[in-house]
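To start, the structure under review is shown below, and the notes come after it.
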Amino acid sequence: MSTAPLRLVTPEDRGVIISDSNQLARIESEAQLSAILIALSGVDAVGAEARVAKLATRSIKKSTKSAALNLAISMVDLTTLEGADTFGRVTSLCTKAMRPDANDDSVPPVAAVCVYPDLVGHARSVLGDSPVKVAAVATAFPSGRASMRVKLLDVADAVDAGADEIDMVIDRGAFLSGRLGQVFDEIVAVKEACGSAHLKVILETGELVTYDNVRRASWLAMLGGADFIKTSTGKLPVAATTPVALVMLEAVRDFAESSGRLVGVKVAGGIRTAKDAIRYLVIVNETAGSTWLTPDLFRFGASSLLNDLLRQRLKQQRGAYVRSDEFSGD
Amino acid sequence: MSDARQDVRKTYKLLINGAFPRSESGRSYEVLSSKGEFLANVAQGSRKDLRDAVTAARAAQPKWWGATAYNRGQVIYRLAEMAESRRAELAEHVGLAEGLKDAAAKSCVSRSIDRIVWYAGWADKITQVLGGANPVAGPFFNFSLPTPSGVVAVVAPQESSLEGFVDTVLAPIVVGNTVLAIPSEIRPTPAVLLGEMSATSDFPAGLLNIITGYTGELTPTLATHEDIDGIDLEGVSNDEAIELSALAAGSIKRVLRPDEHRGDAASLRRLRAFVETSTVWHTVGQ
Amino acid sequence: MTDKSLESSTLGSLQYDPAPELAAIARLRPSYGLFIDGRFTDPSTHEQFASLNPATEETLAMVSSANAADVDRAVAAARKAYDTVWSKTTGAERAKYLFRIARLILERSRELAVVETLDNGKPIRESRDIDIPLAAAHFFYYAGWADKLDHAGFGVSPQPIGVAGQIIPWNFPLLMAAWKLAPALAAGNTCVLKPAETTPLTALVLAEILQQAELPDGVVNILTGDGVAGAALVDHPGVNKIAFTGSTEVGRLIQQRTAASNKRLTLELGGKGANIVFDDAPIDEMIEGIIDGIFFNQGHVCCAGSRLLVQESVADEVLRRLVRRVEQLRVGDPMDKNTDVGAINSAAQLARIKELTDYGMSEGATRYTSSCVLPDKGYWFAPTVFADVTQSHRIAREEIFGPVLSVLTFRTPEEAVAKANNTNYGLACGVWSEKGSRTLWVAQRLRAGVIWANTYNRFDPSSPFGGMRESGFGREGGRHGLEAYLNV
């Protein structure tokens, strides 16, 4: 009778191990791209929704909650994407971004402000040399319905004005009609136009509808060179949802394992409360892992979320609920 | 010297896996008519014959259950056709075995054949009657289907040589089980005849196996054989049923105890006795 | 197996602070009597035993030990209630009592969840989100049947059996009580229920609920105790029906002992469920399903997916992801709201799990055990996966009833079915594939009472549950569950 080896999983085994020997092949044809995307595992919608429902029951208290609130603040892309945006509006947004709580400088700045390309220059000048990045939505945001020439000019404008990050939209029509090569080529072209700016690719998951599509679009964007994949424009009734985030986080995790490249995830639209934000952080933590628990790899695209994070943060400190006018409305 | 023709007499054999062997033990026993006259030497089945029958029934079961319900109904209906064409022969044997007058014997055969037809019709109804969809509180499609227990041993009634045999044997068969049956010990010949008919009526080999012999000798083997999933004890006394039920507990068999009731309700109970409810859940999502 | 199979990203390192549920919510009394004829009464021997918290080994409460004389009293009370009250109560009125009980369970759900977790060791998340709501749902479901029995498919005016003796296990104490009592009462029977020796407390809270519901005295009697009480109930001539959930070993004995009396019997016994994974399975949900299948309730689940049958072409990938996920399970204080795997229910059960896993090692399987830190006090077993297991290994054949998974491989659907069915049990199986036609093909061929496709360990009062072969007979749940309590 032989004694079998007992292999305990040790904490050391848990570090991210990225194999560099297993780089993904270069995409050279639409057929090759399709084959890769079709070969991805399907998503069982019921199982994915059950998983996030279970994770939503995690009870985050005390110091964990304080840490999570600070982390969430540092992950916010403070956003204004209105036709009525003005320099004044952007100025107050940038001020808030750099110092979210005027009374407490221990509150970290947010990750970025997110504006339309024509306001990038102004934002840049207000933010100065603060660590807060300027992100611009480009490529005929939010519909993406413009010629490639216009989209690239849109990107170039934003980059020239000093954008650190470009949030592009994919052509959902092309994706849904199976013109995957076209979507891929657009991402590659925009990535090139970005130069050193980081590229976030908005999948607009509310229009992709199925989780299988979300998974395939995530991989398509990552293969095309996305630094981030982002759920939504925030301009549709259906924006970020926890199961969609789960599927995207699984995608970045698996992509990192097979390519060695870490891609970030941005959830945007409809995230208004600290409770929501913490739920997302739990999903990040238990799906992609703590490697992703940094503004470099996870973002919240939001506006009103920040004040609730601040309010909950203060409540943690004071032990009492905070009045709604405690923070500036920006 | 006489020119009177002597009839060609038949040897009454077992039915195992579609073949008609003598008992491997070489034994036979005398069966008398109700008037005490010699009727036949009938094969006296042994433990090993039972073992072979279980093997045959086990092998045949997936295929029988795998056939369409429509097809199973046709096969059983075909048995009724065969029996109908040999009514006279069956009636003669029932008459001799049970001491019935010609008309009564014929009527018994008629009822038996009608019962076969009744059962044949159940093959493609039972699933809907015993199964269904279950409205679970969640995004699942959930349905329950009656599926056969597997291999069922039937100790057929001692008095009712044909009608009782038909009633007890066809219930497990029509729901997808394969069967080994011990016919009435003292009145086995109508069952043996029916077995012969089954072999010419599209019954696949191993679906129905018939082991004639001494009930008391054979039943403990049936009750303890672990590869038998259920046992119908109709043909034993209450005391024997107690003992055999306790033995059957060894492998958690489904046990149907003797029940004097007859008729549709009792038969429905039989149909339910050797089916298992199998419930399937499947997620429902885009 | 190379070390590569252990690769994993840093998961779960957002350290969650303890989030314990309040034990005081349990409102436990120091000691409990036997619930007979509507009242808590002293046992005839005045003997009591301690119900322990398996996570701490501390005494939660003293409960009474019923003997044959107590069983006699309880059966007499049940008989009297049957003859004088319950058999004369219309279905519509019985229904209202059951609806009332369902509501009361929900009203006291937080208390019941805490008591269940303290007594059983299961995570509070599971008792709160699964056990207690399902128990209430069961009463709610069968309440509706009480006045509709004519339409249940058993002929017109089906009659109850009489006095039902019900013996339940320790893995889902309140839920199993609900599974037994609700259909029995709906069908018009009266009951003597014996909860498991190590988990009597929620049944005793249920007794209080029955009092609050003003269920007539004697309709339900609850006897705590050990095997002596169970045996006396099984043998009692005044009992017309035995319903048992527990081990196949004990089920076999009960079937033997009830043979003479011709009591009606239903058995819900052990299992060795196979979770079959095809190469096109939805991989992330499948991993969750495997985890749920074996680590839900510490694997103390008769229908646990304790054998993983994985298609050889994806076996390495599945094992790698599985081990990574096992490492992520949060093991510890059952009262913590973030605990995934709680305490083993008893020292005896822990010993059995250890014995079988030691066997697995000596038989040459490869063992992966979570590196989680186990508490010093209480009964604990770290989640464990055995790879390189073959059909002949004991850990592939015997029910371990703990957080231990055996991984085997197959090459074709036929081989998967053959291996899944190669067991004396027949309770539950899982099938994971995105190909519907093959899933149904497999489901048709599995000898199991419950088959979960792309999910596992789901329960619902409307869904029949129960086994084939040595997993027992009879169904609980749904229209089918009524048959066990009707004279049909």
| Any residue at all in segment C:295-303 that is within 13 Å of chain A (Cβ to nearest Cβ) and over 19 Å from C:Arg469 (Cβ atoms)? | yes
| request: Identify, from the list B:Arg72, B:Arg9, the residue that is of a type in the set (Lys, Arg), open to solvent by less than 40 Å² (accessible area, probe 1.4 Å) and out of contact with any Cys (no Cβ under 8 Å at 6 or more places or on another chain). | output: B:Arg72
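Every residue, every condition in (1) under 21 Å from B:Val151 (Cα atoms); (2) more than 14 Å from chain A (Cβ to nearest Cβ); (3) among the small types (Gly, Ala, Ser), yes or no:
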| site | (1), (2), (3) |
| --- | --- |
| B:Leu233 | yes, yes, no |
| B:Asp264 | no, yes, no |
| B:Arg270 | yes, yes, no |
| B:Gly285 | no, no, yes |
| Odd one out for B:Gly250 among (1) open to solvent by 20 Å² or more (accessible area, probe 1.4 Å); (2) farther than 23 Å from B:Arg72 by Cβ; (3) in contact with a strand residue (DSSP E or B) (Cβ under 9 Å, 6 or more places away or on another chain); (4) among the small types (Gly, Ala, Ser) | (3)
| Residues that are among the acidic types (Asp, Glu) and either within 10 Å of chain C (Cβ to nearest Cβ) or closer than 28 Å to C:Glu288 by Cβ (or both), drawn from segment A:35-85 | A:Asp44, A:Glu49
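Answer with yes or no whether B:Asn71 is free of Cβ contacts under 8 Å to residues at least 60 places away in the same chain, assigned to a strand (DSSP E or B) and not basic (Lys, Arg).
Values: free of Cβ contacts under 8 Å to residues at least 60 places away in the same chain: yes; assigned to a strand (DSSP E or B): no; not basic (Lys, Arg): yes.
The answer is no for B:Asn71.
Only one residue in C:Ile161, C:Ile168 is closer than 21 Å to C:Thr199 by Cβ and among the aliphatic types (A, V, I, L, M). Which one? Spell out the reasoning first.
Details: C:Ile161 fails: closer than 21 Å to C:Thr199 by Cβ.
Matching residue, one of C:Ile161, C:Ile168: C:Ile168.
Would you mind finding the one in C:Arg447, C:Arg475, C:Arg458 that is within 23 Å of B:Arg272 (Cα to Cα), in contact with a strand residue (DSSP E or B) (Cβ under 6 Å, 6 or more places away or on another chain) and modelled with pLDDT of 95 or more? Explain how you work it out, then say what you get.
Working: C:Arg447 fails: in contact with a strand residue (DSSP E or B) (Cβ under 6 Å, 6 or more places away or on another chain); C:Arg458 fails: within 23 Å of B:Arg272 (Cα to Cα).
Just a single option satisfies the conditions, and that option is C:Arg475.
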| A:Leu203: in contact with a strand residue (DSSP E or B) (Cβ under 9 Å, 6 or more places away or on another chain) and at negative phi, yes or no? | yes
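Being of a type in the set (Val, Ile, Thr), touching a residue at least 60 places away in the same chain (Cβ under 8 Å) and not in a strand (DSSP E or B) is the filter here; which residues of segment C:242-253 pass it? Lay out the reasoning, then the answer.
We begin by selecting, within segment C:242-253, every residue of a type in the set (Val, Ile, Thr); these are C:242, C:245, C:248, C:250.
Checking the rest, the ones that are also touching a residue at least 60 places away in the same chain (Cβ under 8 Å) come to C:242, C:245, C:248.
Hit for segment C:242-253 is C:Thr248, nothing else.
A quick yes/no check of all residues on (1) open to solvent by 10 Å² or more (accessible area, probe 1.4 Å); (2) part of a loop (DSSP other than H, G, I, E, B); (3) touching a residue at least 12 places away in the same chain (Cβ under 8 Å):
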| residue | (1), (2), (3) |
| --- | --- |
| B:Glu226 | yes, yes, yes |
| B:Val236 | yes, yes, yes |
| B:Asp239 | yes, no, no |
| B:Ala246 | yes, no, no |
| B:His282 | yes, no, yes |
| B:Gln286 | yes, yes, no |
| task | For C:Asn262, indicate whether it is polar (S, T, N, Q) and under 30 Å from C:Asp42 (Cα atoms). | result | no
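Answer yes or no as to whether C:Thr56 is in a loop (DSSP other than H, G, I, E, B) and modelled with pLDDT of 95 or more. Break it down stepwise before answering.
On the way: in a loop (DSSP other than H, G, I, E, B): yes; modelled with pLDDT of 95 or more: yes.
So C:Thr56 passes the test.
Which of the following residues is touching a residue at least 40 places away in the same chain (Cβ under 8 Å), open to solvent by less than 10 Å² (accessible area, probe 1.4 Å) and over 30 Å from C:Leu14 (Cα atoms): C:Ala365, C:Ala343, C:Ala387? If you could, list the steps in order and put the result at the bottom.
On the way: C:Ala343 fails: over 30 Å from C:Leu14 (Cα atoms); C:Ala387 fails: over 30 Å from C:Leu14 (Cα atoms).
The conditions single out C:Ala365.
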| task | Pairs only if they're at least six apart or on different chains, beta carbon under 9 angstrom, first in segment C:45-65 and among the charged types (D, E, K, R), second assigned to a strand (DSSP E or B); list them, first residue then second. | result | C:Glu47/C:Ser64; C:Glu58/C:Leu52
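Counting only residues that are under 12 Å from the mean Cα position of the chain (by Cα), give me the strands (runs of 3 or more DSSP E) lying completely in segment B:110-191 with at least 2 of them.
Numbers: elements: B:140-148, B:151-155, B:178-182.
Where strands (runs of 3 or more DSSP E) fall fully within segment B:110-191 and carry at least 2 residues being under 12 Å from the mean Cα position of the chain (by Cα), they are B:151-155, B:178-182.
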| request: Name every residue in segment C:474-487 that is more than 8 Å from every other protein chain (Cβ to nearest Cβ) and out of contact with any Pro (no Cβ under 8 Å at 6 or more places or on another chain), in order of residue number. | output: C:Gly474
| query | If you check A:Thr79, A:Thr139, which single one turns out to be open to solvent by less than 30 Å² (accessible area, probe 1.4 Å) and at positive phi? | reply | A:Thr139
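Restricting to segment C:402-418, give me the number of residues that are within 19 Å of B:Arg58 (Cα to Cα) and crowded, with 19+ Cβ neighbours inside 10 Å. Quick ask: steps written out before the conclusion?
Residues of segment C:402-418 that are within 19 Å of B:Arg58 (Cα to Cα), as a first pass: C:414-415, C:417-418.
Adding the requirement that they be crowded, with 19+ Cβ neighbours inside 10 Å leaves C:417.
Residues meeting the conditions: 1.
Scanning for something over 30 Å from A:Asn285 (Cβ atoms), in contact with a Lys or Arg (Cβ under 7 Å, 6 or more places away or on another chain) and either surrounded by 10 or more Cβ atoms within 10 Å (Cβ to Cβ) or modelled with pLDDT of 95 or more (or both), does segment A:31-49 turn up at least one residue?
Within segment A:31-49, the subset over 30 Å from A:Asn285 (Cβ atoms) is A:31-35, A:38.
Narrowing further to those that are in contact with a Lys or Arg (Cβ under 7 Å, 6 or more places away or on another chain): none.
Within segment A:31-49, none of the residues are over 30 Å from A:Asn285 (Cβ atoms), in contact with a Lys or Arg (Cβ under 7 Å, 6 or more places away or on another chain) and either surrounded by 10 or more Cβ atoms within 10 Å (Cβ to Cβ) or modelled with pLDDT of 95 or more (or both).
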| Among (1) in a helix (DSSP H, G or I); (2) more than 20 Å from B:Arg115 (Cβ to Cβ), where does B:Arg270 come up short? | (2)
| task | For segment C:337-422, please list each of the helices (runs of 4 or more DSSP H) lying entirely inside it that holds at least 2 residues being out of contact with any Leu (no Cβ under 6 Å at 6 or more places or on another chain), within 14 Å of chain A (Cβ to nearest Cβ) and among the small types (Gly, Ala, Ser). | result | C:347-362
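Condition test on A:Thr205, is it within 14 Å of another protein chain (Cβ to nearest Cβ), open to solvent by 20 Å² or more (accessible area, probe 1.4 Å) and touching a Ser or Thr at 6+ places or on another chain (Cβ under 8 Å)? So that I can check it myself, show each step before the final result.
On the way: within 14 Å of another protein chain (Cβ to nearest Cβ): yes; open to solvent by 20 Å² or more (accessible area, probe 1.4 Å): no; touching a Ser or Thr at 6+ places or on another chain (Cβ under 8 Å): yes.
Answer is no for this residue.
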| Could you say which residue among C:Ser462, C:Ser471 is open to solvent by less than 10 Å² (accessible area, probe 1.4 Å), more than 7 Å from every other protein chain (Cβ to nearest Cβ) and among the polar types (S, T, N, Q)? | C:Ser471
| field | Unmet requirement for C:Ser437, which otherwise passes all of (1) within 17 Å of the chain's Cα centre (by Cα); (2) in a helix (DSSP H, G or I); (3) surrounded by fewer than 24 Cβ atoms within 10 Å (Cβ to Cβ); (4) not acidic (Asp, Glu) | value | (1)
| note | Among C:Gly165, C:Gly238, the single one that is closer than 24 Å to C:Arg94 by Cβ and either among the charged types (D, E, K, R) or surrounded by 24 or more Cβ atoms within 10 Å (Cβ to Cβ) (or both) is C:Gly165
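The values are calculated or read from the model by the stated rules, or taken from the named source; none is laboratory data. Just so it is clear, the structure is predicted and the values come from calculations on it, not from any experiment. Note that we place each Cβ from the backbone using ideal geometry, even for glycine, and neighbour counts take in every protein chain shown. Surface accessibility is based on the protein's heavy atoms, side chains included, excluding ligands, DNA and RNA. Shrake-Rupley method; radii C 1.70, N 1.55, O 1.52, S 1.80 Å.
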